[in-house]
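Each remark here refers to the structure printed beneath this line.
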Amino acid sequence: MSSELSIVYAALILHDEGLEITADKLQALVKAAGSEVEPVWTSLFAKALANQDLGALLSNIGAAGAAAPAAGGAAPAAGGAAEAPKEEPKEEPKEESDDDMGFGLFD
């Protein structure tokens, strides 16, 4: 199992138990699972998830507004989330064939 995946599972376990996600707790869970991870990874994950609502992140995985906070934008309000405008499929210009020009490959 990859080290990142081990840390993600450990973070999910801590969240599920309602515990604070810290580097020490992540490292303890990863070690108890029989994996070895460099401490720098657990501290990076702990810092990244420090002020995040993990439940909201998990429930908005496929939402269109989920990418906005990661890019530095503001997330839409829960009650007034606007739907993303649907894009019309673009019609590609029809390519002309050699037959239309009056000559072919073997003429």
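For every residue, the table says whether it meets (1) at pLDDT 65 or above; (2) part of a helix (DSSP H, G or I); (3) surrounded by 11 or more Cβ atoms within 10 Å (Cβ to Cβ).
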| residue | (1), (2), (3) |
| --- | --- |
| Ile21 | yes, no, yes |
| Leu26 | yes, yes, yes |
| Val30 | yes, yes, yes |
| Val37 | yes, no, yes |
| Pro69 | no, yes, yes |
| Glu92 | yes, no, no |
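Answer yes if at least one residue in region 8-15 is in contact (Cβ under 8 Å) with a residue 24 or more places away in the chain, more than 17 Å from the chain's Cα centre (by Cα) and outside any helix (DSSP H, G or I), and no otherwise. There is no residue in region 8-15 that is in contact (Cβ under 8 Å) with a residue 24 or more places away in the chain, more than 17 Å from the chain's Cα centre (by Cα) and outside any helix (DSSP H, G or I).
The values are calculated or read from the model by the stated rules, or taken from the named source; none is laboratory data. This is a predicted model, so every value here is computed, not measured. Virtual Cβ from ideal backbone geometry, glycine too; neighbours counted across all protein chains shown.
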